[in-house]
Structure formats: C-alpha cells, structure tokens
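Inspection log for the structure reproduced underneath, given as structure tokens.
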Amino acid sequence: MSNLIEVLKKAAPFDILPESVLRGISESLVQTSYTRDTLAYRQGITELKGVDIIVKGEYETFFYDASENRRSIEIHHPIYCFGGISILLNRRKALKSVMAKKGTVVYNLPRKEFLKICQAYEDFFQYYTTDFGKRMLDEEFSHFVKTPASFEESYIAAEQLYSRKIDGITYKDIVSCPANTPIYKAAKHMADNRVSCLFIQDENQNIIGYATDMTLRDNVISKCIDVNTPIGEVMDNPIVSISYQAYLYEAVLMMFSTKTRYLLVEKDGRYVGFLSRNRILSEQGQSPLVFIQSVKLAETIEELRQKWNYVPEIIKQLLGRGINAEITNQVITTIADTIAIKIIGRVIREMGEPPAKFVFMVTGSEGRKEQTLKTDQDNAIIYEDKANEQREMVRKYFLTFATKVSDYLNEIGFSYCEGGYMASNPEWTHSLSHWKRNYKKWIEESVPENAIKFSTFFDCRFLYGDKNIIEELKQFLEEELQKPNDRFFAFTAKNALQYEPPLTFFKNIKTETIGKTEVFNIKNAMTPIVDLVRVYALQKRIYQENTGERLKKLMEMEVFTPQQYHELYQSYYYLMALRLENQANQILVEKSEPNNYIRINTLTKIEKATLKEIFKTISNFQMGIKMRFTNNILG
C-alpha cells in the first residue's frame, strides 16, 4: 500500500491531496495488466468504470476519423492519470480511443470514489476543467469532441440542467456556529461534523458569512492569526441565496455571476440547506456552463477571442434541443460578462489600481441580459466624487481605462457601439453626482432625445466595481420617479411607439428588399415589446433588468393579467429564438457576419402564421400604451 501512495503522490492531480486521503484511495485501487496490445477504450462507446493510473507501459490515445484513421495521437507514460475528463464531461463515455501497449499495468480508481474526491476538493476538480479548457483551444481536438452525439448531449445541452428544480436534488444540511466562536472551536466543529463549509450566524441567528478549509488556510494560517480570534473576523462573505423552486441552471449562472462557491437554499422564508459549486458542476458538468468555467481560465486576448467565436456553436445546440431563448440569452450574457470582467481585471493590472471607487456598468441589451450574436458595446462608468484637486486626475485615469477596455473588447469580437454609448466616450464616464444630474435632467427636460438616453441607461446593470455606487444611483432614481411628471411618461411612451410591428394593412408580413431578397428586421419587430414593458416598469418603479423578469413582476402587480403575460412572454422569446437561430446559421453555415434580417423565403408556413399572430398581439399592446400614457388613440 505504501508503494501505491508514493505512486499517487506523483500522479496529477492526486498529488495535491492530503496523504490521509491518498491512503484511502490506495485501498480502492484495482490493478489491470495488458499482455498484448489491446484497444482498451473506444471513443464515444466504452463506458469508463473509473480513472486509470498508468504505472508501467504506455497508453496511446487518439481519435478515429470517418475513415478509421488515427488522429490527434498522444503517448502517455507512467505516471499518468486517464479518464477524468471523460467521466466528468462526457457522461462516462471515453472521449478518446485508447490502445494499451503490451506490458502495461494500470490501477483503476472506481468512478464513484473519483466523483467523491471531485466534490470534496475544489482544486482537484478544477484541474480537469482547466485541462479541458486548454485542450479545446486545439483545433483538431475540438473538432472531434464536437461530433459524437453522446458528447453533444452531455456537454452542449444536458437536459436535466434545464428541467430539474433545486428542490428535486439533494442539498447539504447547514452546519453553523455563532460569529464570536473562537477559530479553533469552529474548526473542531467542522471536523466533528465532517463538513468543509461552516456557516456563521450573528446574535439573531441570521447567517452572515461562511468559513471553509480555504478560509482557514488563507485568512488564518497564512496570516498567523491567533486561533482564539472570533471566526466572524476571518469569515468569507457575502451570503448568496436562491429559491428552492429555481432551476439548476439558474443556480449555476448565479454562482458564476456572484463568484460564490456556495448557495443557500431558501424555502418559506428560511434556509433549508446549501449547494456547492463543485457538487453541481461535478453532477452537471456536461453543460455549456463548464465552458464558462473554461472562459474564466483563459488568459490571453487570443484565447478569449477563440472562446467568443465558439459561442454560436453552443447557441445552435441549445436551440436545437428546444432550450428556451431566455435561458440561451442568459448563457450568452454570462459568457460575455465573464470575458468583460477578465478584460477589466487585465487593464487594472496594466494601469495600476484605480484612484477612486467605481462601477463599470453595462446598458442596453447587455444591461437587460438579452445579448444576441450580433452584439456591440453598451457600457458606462460611474466613479465616486473626489475633492476638486483630484477630479482631473481621476477622470483622466478612467477615460484611459475605458478606452483600453473598449479596444480589447473590440479585438475579441464585441464591436464598438456606432451610437457611441460606451464608457470610452467622455459623455458616459462621470462622477456619481454628475450621473445623478444626468438622470434628473432626462426626467425633467422631457424631449425625444432625453427619452432615448433615459431608456438606454434605465437598462443599466452592475458588472464590476463597488456595487454601493450603483445602488445609490438607483435609490436616487427611485425618489425622482415618485415625483409627478406626466410629461416624462408621455415622451417615454411615445418612444416606445416609434417602432411598429411589420404588418401590412392586409395583415401580411411587411418586408423590405436587400439585394434581390425579401427580408424583415426582427430586432425592430421585438423592440416594441422591450419598450412597452420598460414604460410600465418605469411607472411602477420595477428595477428588474430583464424583459422577462419585468413582465413577471408586472403580472404579480396585476398590471398584466396572466393571459397578457403569457402572450407577451411567448411572443418575445419566440422572436428571440428565431433571431438567435438566424444569426447562428449566418455565422456557422453561411460564414457571414450576423445581422437582424430574416429572409421570408426561409420561413415555413407555420412560422409565418405564428409571426402574424405575434405582430397582432404587439399592435394591441401598443394601442394600450397610447390610451394609458398619451391619451391619444390615433397619434
């Protein structure tokens, strides 16, 4: 057994595990020997019983192409671990074929034991997601892993991720202690309960933070903190929670957007358990969300550009499996957010720490989390107010900062905004007090241009920085919107009426000709829904950013009936799915730049009939806007 422990110490990623864990692993290993050259695994067919650790001989791994030629050949010698990616990311099926050479000896760790280690040790699990992300940058590797049906089912669109609710899975029980508990007692409490995450409570038993093995390592041991110090002084936070009725994909997206490793599960006003990122990703590692993890691990501009270029493939697969367009939008947005955050961090490292607290916010479709594959930059910067003598220096830093971020994003594939709604434009990088004056002016001086600006920046969303700054701005906006201003709402409503659904007098789809092709602009067809929902959200001071979320809130407030909500929701996301599918085909099939034009001759009769009904629905809702906000049915 001692010999096996020494072997494990040399085998990545087992070499990062404690010796006590390696001892237990060594007892579970099963030896296999090959006396002749043997095809041990066939790609996409053979189900792995566990991971193999080569201790003698060699594994030749490769892909069979359509002509049974061996491609992407790799030779692996002792000490090498094979099979982890296949188990985690390919529903246990071998990702590559394996020829075990004569005289090869391997030790197999059963799949169940391997998954337990992945759940317990984040660094161990991250080794495989990192390795996979790096491999996907190789063109030949990525070509072959995209083709097997089992891989598409696993990695691109794991159905369970989108259909299972959190209440349908087993989440862990909460183990907690008071914030004034000494560190050593908190650690003993973790050991006694065999948990790696301990939640911390205040005097009212509200959970205010958590401590993990990593907390103890980074915040206590590495800093030589006295173990009698209260655990509350070294705990991690903030606490993030999710409803037990939420879907599994929502939990993973929330973990990525908030950068938390743990989510508390809330039911009937109380916390009933928690989910760990490792647990969800190891169980549901076959989804686009593992791709997001690989984006987080990308370092160079070229890597990030390649990641963004791969997004159309993911979107095509999701839509092909019938995944709702709202979810698809969220996947695109999360990937785009991850890339933008990576770029912001890069620029800060290049320029040095900012001279003031700030918020980098996204606006427009990005702000609403409704990005498509034809996307440009919509962003702005708010920085804290500084003394007069510092203002020029602070402003100069952030304008330079914004320009660098914008240039990098453009290089990756997020084109410059033609309308100039970017932080690199001096008009959209200002202090908090200046932004307050902007919003106040737009509300009080109601002219069409201001209505457009207000609409764009009402759809703002925090991306990076000090969240308190944007919260203060929204509180200011809340107070301003409560003041009587019928003229402002009338102008905003008229802005929502400037686009008309593309229907002719005889209720046929109105087209325009580009070249010799009859098309209609699907973005313009969708805009009335976005705008009219925003008008109602403004009136009711609803600050959900997403059109679907706003619709749901308006229904809960009885502004819309359940039937109206359903009609608008289905209409909007039907159009969104059609738009995304069209753009994905333009990129992947036609090899052209994506746009918002749908060719009429590509639509089926059913699609045309559905579109006509949708456009009628939008027209009816626009009539309601005219009556409610402008007191003018005709104009």
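The values are calculated or read from the model by the stated rules, or taken from the named source; none is laboratory data. It should be emphasised that the depicted structure is a prediction, and the values quoted were computed from it without experimental measurement. In this analysis, Cβ positions are derived from the backbone assuming ideal geometry, glycine residues included, and neighbour counts consider all displayed protein chains.
Among all residues of segment 611-620, there is at least one that is in contact with a Leu (Cβ under 6 Å, 6 or more places away or on another chain) and more than 26 Å from residue 482 (Cα to Cα). Within segment 504-511, not a single residue is in contact (Cβ under 8 Å) with a residue 60 or more places away in the chain, in a helix (DSSP H, G or I), farther than 23 Å from residue 628 by Cα and touching a Phe, Trp or Tyr at 6+ places or on another chain (Cβ under 8 Å). Being touching a strand residue (DSSP E or B) at 6+ places or on another chain (Cβ under 6 Å) and assigned to a helix (DSSP H, G or I) is the filter; apply it to segment 440-497 and report the residue that is surrounded by the fewest Cβ atoms within 10 Å (Cβ to Cβ). Among those that are touching a strand residue (DSSP E or B) at 6+ places or on another chain (Cβ under 6 Å) and assigned to a helix (DSSP H, G or I), it is 470.
Restricting 387, 402 to residues that are over 30 Å from residue 551 (Cβ atoms) and at pLDDT 95 or above narrows the list to 402. Restricted to segment 243-298, and to residues that are at pLDDT below 75 and not in a helix (DSSP H, G or I), which residue is farthest from residue 116 (Cα to Cα)? So, considering only residues that are at pLDDT below 75 and not in a helix (DSSP H, G or I), the one farthest from residue 116 (Cα to Cα) is 259.
Cβ-Cβ distances below 7 Å connect the following pairs, each with a first residue in segment 525-548 that is assigned by TED's automatic domain parsing to the domain that holds residue 565 and over 15 Å from residue 497 (Cβ atoms), a second residue that is acidic (Asp, Glu) and part of a loop (DSSP other than H, G, I, E, B), and a separation of six or more residues or different chains: 545/459; 546/370; 547/370. Scoring residue 71 on the criteria (1) part of a strand (DSSP E or B); (2) surrounded by 17 or more Cβ atoms within 10 Å (Cβ to Cβ); (3) not hydrophobic (A, V, I, L, M, F, W, C) leaves a single failure, condition (2). The set of residues from segment 447-499 being charged (D, E, K, R) and closer than 22 Å to residue 524 by Cα comprises 449, 453, 459, 494. Taking segment 170-200 as the search range and keeping residues that are small (Gly, Ala, Ser) and in a helix (DSSP H, G or I), which one is surrounded by the fewest Cβ atoms within 10 Å (Cβ to Cβ)? For segment 170-200, the residue satisfying everything is 191. A Cβ distance below 9 Å, combined with a sequence gap of six or more or placement on separate chains, defines the contacts here; from segment 1-20, residues that are β-branched (Val, Ile, Thr) reach residues that are surrounded by fewer than 18 Cβ atoms within 10 Å (Cβ to Cβ) in the pairs 5/19; 5/23; 7/78; 16/123.
Against the criterion of being more than 28 Å from the chain's Cα centre (by Cα), at pLDDT 85 or above and on the phi < 0 side of the Ramachandran plot, residue 535 does not qualify. Restricting 574, 543 to those that are in a helix (DSSP H, G or I) and either under 25 Å from residue 442 (Cα atoms) or among the hydroxyl-bearing types (Ser, Thr, Tyr) (or both) reduces the list to 574.
Mind checking whether some residue in segment 126-140 is farther than 24 Å from residue 306 by Cα and at pLDDT below 90? No, every residue in segment 126-140 fails to be farther than 24 Å from residue 306 by Cα and at pLDDT below 90. Mind checking which residues of segment 16-52 are under 14 Å from residue 101 (Cα atoms) and touching a helix residue (DSSP H, G or I) at 6+ places or on another chain (Cβ under 9 Å)? The one that is under 14 Å from residue 101 (Cα atoms) and touching a helix residue (DSSP H, G or I) at 6+ places or on another chain (Cβ under 9 Å): 41.
Screening the candidates 307, 342, 369 for the property of being surrounded by 20 or more Cβ atoms within 10 Å (Cβ to Cβ) and not in a helix (DSSP H, G or I) yields one hit, 369. Does segment 79-126 hold any residues that are β-branched (Val, Ile, Thr) and buried (at least 18 other Cβ atoms within 10 Å of the Cβ), and which are they? Passing the criteria: 79, 85, 87, 98, 104, 106, 117.
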